[in-house]
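Colleague: Starting off with a structure, shown below.
The values are calculated or read from the model by the stated rules, or taken from the named source; none is laboratory data. Quick caveat: nothing in here was measured; it's all calculated off a predicted structure. Every residue, glycine as well, gets a Cβ built from its backbone with ideal geometry; the counts of neighbours run over all protein chains shown.
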Amino acid sequence: MGQDPQASLIVLPDISSTTNRVLITSVAARHRVVAVYWDGIFVREGGLVSYGVDLNDLQRGAASYVDRILKGATPADLATQLPTKFEFVVNLKTAKALGVTIPPSVIATADEVIE
């Protein structure tokens, strides 16, 4: 991948990707591979950008379900909830190192920008 200037990588949610996030982000950077991650923790470790479900919001929703069940609700009667809050994180330092220009309009939509 590192030999192809058009190479890019999408890292999906997985226990293996989370456990190896430092390795994944460092190898992508070393080989100048543009990568998009599923969680902001990868970008805080040096990845380029992430877009994914806000895990804190998801956990609050799960706590709400537990509360209702403990108060007597039947799990089968509870509606399925889909994520409603997403997080977009951009690392401008990594973008510069990769020679990638992130348009100001994209930066303006980010929830977090790492400089």
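Colleague: Take the residues in region 1-48 that are free of Cβ contacts under 8 Å to residues at least 40 places away in the same chain and of a type in the set (Gly, Ala, Ser); name whichever of them is farthest from Phe88 (Cα to Cα).
Modeller: It comes out as Gly2.
Colleague: Six or more apart or on different chains, Cβ atoms under 6 Å: show the pairs whose first residue is in region 85-97 and modelled with pLDDT of 95 or more and whose second is hydroxyl-bearing (Ser, Thr, Tyr).
Modeller: What qualifies is Phe88/Tyr51; Val89/Ser50.
Colleague: I would also like to ask the following. Does Glu87 fit the bill of being among the acidic types (Asp, Glu), surrounded by 11 or more Cβ atoms within 10 Å (Cβ to Cβ) and touching a strand residue (DSSP E or B) at 6+ places or on another chain (Cβ under 8 Å)?
Modeller: Judged against the criteria, Glu87 is a match.
Colleague: Which of the following residues is charged (D, E, K, R) and under 28 Å from Ser105 (Cβ atoms): Asp67, Asp14, Asp77, Asp54?
Modeller: Matching residue, one of Asp67, Asp14, Asp77, Asp54: Asp54.
Colleague: Let me ask something else about it. Please work out which residue is surrounded by the fewest Cβ atoms within 10 Å (Cβ to Cβ), limiting yourself to region 40-74 and to residues that are aromatic (Phe, Trp, Tyr) and in a helix (DSSP H, G or I).
Modeller: Selected residue: Tyr65.
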